[in-house]
1. Go through 157, 87 and list them by solvent-accessible area, largest first, probe radius 1.4 Å.
2. Grab the other residues whose beta carbon is less than 13 angstrom from that of residue 94, score K and R as +1, D and E as -1, and report the net.
3. Kirkwood hydrodynamic radius for segment 44-175: how many Å is it when counted over pairs of different Cα atoms?
4. Which of the GluC sites (Glu not before Pro) found in segment 35-140 are loop residues per DSSP with 11 or fewer other Cβ atoms within 10 Å of their Cβ?
5. Report the residues of segment 69-100 in range of a label on residue 161: point 7 Å along Cα→C-beta, backbone N strictly under 16 Å from it.
6. Would you calculate the separation in nanometres between label points at residue 78 and residue 121, each defined as 7 Å from the Cα along the Cα-to-beta-carbon direction?
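The values are calculated or read from the model by the stated rules, or taken from the named source; none is laboratory data. The shown structure was predicted, so the numbers you read here are calculated from the model rather than taken from an experiment. Virtual Cβ from ideal backbone geometry, glycine too; neighbours counted across all protein chains shown. These area figures cover heavy atoms from the full protein model, side chains too; ligands, DNA and RNA do not enter into them. Shrake-Rupley method; radii C 1.70, N 1.55, O 1.52, S 1.80 Å.
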Amino acid sequence: MTRDSIRAGFVVALGTSLVVGCGAPAPVEQQTPAQPTATAQPSVMSPVSINAEMVAIVDHAGHQLWAVEQEGKAPKTDADWANVTEHATQLAAAGALIRVPGTGVNDVGWVASPGWQRFARAMSDAAVAALKAAEGKNLDALVAANGQLVESCESCHKEFKPQLPSEGIVHTHAH
């Protein structure tokens, strides 16, 4: 290979790279953070506020479970136990639901807190214990699970929501 052929090859390569490669640099892809920041929109959100979920699902289902401890209200029939099972299932699922932010002004901050996550898991755990008690038709185990549920709810409210009701959301039915 002669010096002239090397020079010619270099000129062709340089010219090609200038024609093809000149212009704006290729965009650099930004890496998405693993955890959403306070200003980033979470990838999954509830279409309603956590407060609305609490009133419509958590509080309602909780009262159904706690009611069995009242005089003469213990479940006796298969239908009574099915009612307890249904509401324990709602609470177990709601524990996961409230770990996802919704439309409330405090929701993103709440779910970002390790304390919130801990209390929500404790609620689910208590509800699963209530579910197992209901499936086994074991009133003593249900009462124990209800105690765990009360503990998780009260602890969470002391830290995150000492004032009730909030956002103007109240029950439209009696417990």
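1. My answer, sorted largest first, is 157, 87.
2. Net charge around residue 94: -2.
3. Details: mean 1/r = 0.0668 Å⁻¹.
It works out to 15.0 Å.
4. 71
5. Within reach of a label on residue 161, which here means backbone N under 16 Å from a point 7 Å along Cα→Cβ, segment 69-100 contributes 91-100.
6. Using points 7 Å along Cα→Cβ, the separation is 3.8 nm.
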